[in-house]
Amino acid sequence: MTAAEAVPVWSVDPRTGKRRERVGAEATADAVDAGRVPGGGGDRPVSPAPEVRPATPADVERIAALHTAARAAYLRARVPDAPFDAPAEYARRWDAWDRMLHRDRAPTLCAVRHGTVLGAASWGEPQHSPHTGPASTVELRQLHVDPAHWGAGVGRALHAACLHAWRAAGFSRAVLDVRWHNRRARAFYHRLGWRPDADRRPAPDATHLALTLPLAGPEQPPAPAAP
C-alpha cells in the first residue's frame with residue numbers, strides 16, 4: 001500500500017485542527033481568512049471543509065489549470081506583464097502532472113469542494129538530501145491551491161493530509177524547496193513548523209530556500225490562521 005492509498009477521505013476544521021472522516025455529504029466548517037482571500041474583506045460565510053482524497057488521472061486537467069493559475073499569481077507579483085498563464089504554460093503543467101499520475105505514479109492528493117478540485121499536493125523520494133536516506137525522509141514536491149480559494153483552508157487541509165500519510169508510511173522527516181521571493185508560501189510553511197534545512201544551506205545565488213520538518217511524535221493541530 002502506498003502512502004496515498006493509506007489516506008482516508010476526511011476533512012479538517014482549521015479552527016480546531018481536528019480531523020473528521022466524512023460520512024456521506026457531512027462536512028465541517030472551514031474558517032475563511034477574510035483579509036487574504038482575493039476579493040475578500042469583511043464578514044463572509046464559511047465554506048465547507050474540503051474533502052482530501054488520492055488524485056486520479058482524471059484530475060490532471062483541473063490540477064494543471066489550478067497549478068498554472070497559482071504559479072502565475074505569485075510570479076506576476078515580480079513580473080506583472082509576463083504571460084505566466086499562457087497556453088504554453090498550461091501545457092507544461094499538464095505534461096508534468098500527467099507524467100506524475102500516469103507514469104511516475106507519484107503519491108498525490110487533491111482537495112475537493114462541491115465536486116471541484118481546488119488544490120493538489122505530491123511527494124516522493126528526496127532528490128537533494130545527502131545526509132538522510134529516502135527510507136526516512138520524504139520530499140514535498142508540489143502543493144498548489146487555486147488562487148480563487150487562497151485563505152479558505154485548502155492548503156492546510158492538504159498539508160494535514162500529507163502529514164497523516166507520511167507518518168503512516170513511517171517517514172521521520174520531510175523536506176521541500178520554496179522560492180525565495182514567494183513570501184506567501186514561506187509564511188505558510190513557517191506557520192506549520194517548517195524551518196531552514198541546515199543540511200542544505202543555499203548558495204549565494206540560490207533561487208530557492210530549503211526547508212525541513214521533523215515528523216516524529218504526535219500530530220500537532222495547525223496554527224489558527226488559514227493560508
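Observations, loosely collected:
- Matching option when the condition is touching a residue at least 60 places away in the same chain (Cβ under 8 Å) and assigned to a helix (DSSP H, G or I), among Ala152, Ala187, Ala161: Ala161
- Exclusive hit being open to solvent by less than 70 Å² (accessible area, probe 1.4 Å), at pLDDT 90 or above, under 17 Å from Leu140 (Cβ atoms) and among the small types (Gly, Ala, Ser), set Ala70, Ala64, Ala91, Ala106: Ala70
- Residues that are in contact with a Lys or Arg (Cβ under 9 Å, 6 or more places away or on another chain) and basic (Lys, Arg), drawn from region 163-190: Arg179, Arg184, Arg186
- Residues of region 142-185 that are open to solvent by 10 Å² or more (accessible area, probe 1.4 Å) and within 13 Å of Ala70 (Cα to Cα): Gln142, Leu143, His144, Val145, Asp146, Pro147, Ala148, His149, Trp150, Asn182, Arg184, Ala185.
- Filter result for Arg200 (farther than 18 Å from Ala49 by Cα and either open to solvent by 70 Å² or more (accessible area, probe 1.4 Å) or at pLDDT 85 or above (or both)): no
The values are calculated or read from the model by the stated rules, or taken from the named source; none is laboratory data. Keep in mind the model is a prediction, meaning the values are calculated, not measured. Here Cβ is always computed from backbone atoms with ideal geometry, including for glycine, and neighbour counts include all displayed protein chains. Quick note on the areas: whole protein, heavy atoms, side chains included, nothing else; ligands and nucleic acids left out. Shrake-Rupley method; radii C 1.70, N 1.55, O 1.52, S 1.80 Å.
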